[in-house]
Amino acid sequence: MKRRKFLNQTASSLALLMLPISRSALSDSQQRAGDPQRHPAPRNNSKIKQRDSDALITLFLCGDVMTGRAIDQILPYPGNPEIFESYLKDARMYVELAERTTGPIAKPVSFDYIWGDALAEFERFSPDLRIINLETSITRSNDVWQGKGINYRMNPRNIPCLTAAGIDGCTLANNHVLDWGFAGLEETLTTLEQANLKFAGAGREVEQARAPAVFTLPGKRRVLLFSYGHISSGVPYNWQATETQAGINVLYDLSVDTLNQVRRQIAPMRRDNDVVIASMHWGSNWGYRIPTEQKRFARGLIDQAGIDIVHGHSSHHPKGIEIYHNRPIIYGCGDFLNDYEGISGHEEYRGDLGLMYFITIDARSGELTRFELVPTQIRNFRVNRASAGDAQWLADMLDWQGRELQTRVQMNADGVLQLFSA
Ligand SMILES: [Zn+2]
């Protein structure tokens, strides 16, 4: 149980309470060289970078990246804009609505435009892996999935918009990857393979859909990424891959039986010392409430299936984060990039704000050592650093949501949030 130890041992003073997660896992010399509490993000120091690369694994995670529909229409190779929604029939209308709200976009944009300020944060944090939930199909298929109402596709020729940001892998077990039929899914998988982008959660048959994306980090451990789509996120029942049909890795419920099934499926695929991520597309789009069954399932993944990080998404806004047995549970990352700028409703949740999740793990012990969040805002179909006021809003929200989950956040001088066990 050593690797399961809590970092949140009783804090007897506020000072102790506010110690960063990283502190107890850093050696004395590391603490002397760069106290992460008082010296935010000293990562442009090459010595620190070198030390990090020897001992620590830093993962970048985020929520939905929706490069289809209107985002596809501003990229260099816009695909067929036809959509079959009840009000809008042309994806370009979403561009127009956004421009009316936040100003003109100089189209076509470059492939890396959509990542905006995130590119500098990637440079600064130097994550070993960059993982996203890709919430669109990548296809020219016109075989719209009937009865769904909202169907996302990006032209395969726009795939450089993902490689331009150095994305390493994506999760596909979500409610949009099959929006343009089986032909659309096949083209999505082929396009990702040709671009050397690893994926999990969808496949040509069930074995591939259940298999993890496997990343071998030079001189370090392997990272395994499993992806599941729970029906509460709007995944249609019949999207489950079978032995003879392509599809995704669906979870029909979050019961003890399902947890046992997941545990049995993961066990033969993992080796000792692997870092294992379970990526869950689950829950509704709006609201802070975290269903009890999600909490039970996430904690069960950590306790029984040996999962190191639970990466939850589907909510359009960030939700509370838990550190359970020193393993992070993100219940809802929030959208990272979407085309909702011109659409009103649910303003109280600030769906325009998002977070970059940088999770650092000790490569030897698997312990969580640092959890940092960079507040972002989607504007002009681009990821921007959030203003100081908006970053504070996110910090307050996470603190408020963290009361129940025993986590707190502290904002550094540069606006980066650090998550702590309270
Ligand atoms: Zn979704």
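Shape call for the stretch 201-327 from the C-alpha gyration tensor, a ≥ b ≥ c root eigenvalues: rounded (a/c under 1.5), prolate (a/b greater than b/c) or oblate?
oblate
Filter the trypsin sites (Lys or Arg not before Pro) in the stretch 347-409 down to the DSSP loop ones having no more than 14 other Cβ atoms within 10 Å, then list what survives.
Those satisfying the criteria are Arg364.
Given a 10 angstrom Cα cut-off, can you work out which residue in Gly332, Gly149, Gly351 is the most mobile in a GNM of the chain?
Result: Gly149 has the largest fluctuation of those listed.
What stretch of the chain, leaving out the sites themselves, is the longest with no chymotrypsin sites (Phe, Trp or Tyr not before Pro) in a DSSP loop having at most 16 other Cβ atoms within 10 Å?
88-251
Who wins for biggest fluctuation among Ile266, Ile83, Ile343 in a Gaussian network model of the chain, springs between alpha carbons below 10 Å?
Ile343
Give the Rg/Rh ratio for the chain, taking Rg as the radius of gyration of the Cα atoms and Rh as the Kirkwood radius, to two decimals.
0.95
If you consider only alpha-carbon coordinates, what radius of gyration and Dmax does the stretch 65-190 have, in Å?
Answer for the stretch 65-190, Rg first and Dmax second: 14.7, 44 Å.
Can you tell me, using C-alpha contacts under 8 Å and at least 6 residues apart, the relative contact order of the chain as a whole percent?
Relative CO of the chain lands at 19 percent.
Could you compute the net charge surrounding Phe111? Neighbours are other residues with a C-beta less than 14 Å from the C-beta of Phe111; K and R count +1, D and E count -1.
Once all neighbours under 14 Å are counted, the net charge is +1.
Given a cut-off of 14 Å, what percent of all Cα-Cα pairs of the stretch 80-132 lie beyond it?
Percentage above 14 Å: 69.
Rounded, prolate or oblate: pick one for the stretch 319-422, where a ≥ b ≥ c are the square roots of the eigenvalues of its C-alpha gyration tensor, a/c under 1.5 means rounded, and failing that, prolate if a/b is larger than b/c, else oblate.
Prolate shape, in that a/c is at least 1.5 and a/b is the bigger ratio.
Expressed as an acute angle from 0 to 90° and rounded to the nearest 10, what is the orientation of the C-alpha long axis of helix 292-305 relative to the principal long axis of the chain?
Rounded to the nearest ten degrees, it is 60.
Using only the Cα atoms of the stretch 272-314, build the gyration tensor, take square roots of its eigenvalues as a ≥ b ≥ c, and label the shape rounded, prolate or oblate: rounded if a/c is under 1.5, else prolate if a/b is larger than b/c, else oblate.
It is oblate, given that a/c is not under 1.5 and a/b is not larger than b/c.
Return a whole-number percent for the relative contact order of the stretch 259-386, with Cα pairs under 8 Å and 6 or more residues apart as the contact set.
Normalised by residue count, the contact order of the stretch 259-386 is 19 percent.
Rule-based calculations on the coordinates, nothing more; no lab input. All figures in this text were calculated on a predicted structure; none of them were measured in a lab. Every residue, glycine as well, gets a Cβ built from its backbone with ideal geometry; the counts of neighbours run over all protein chains shown.
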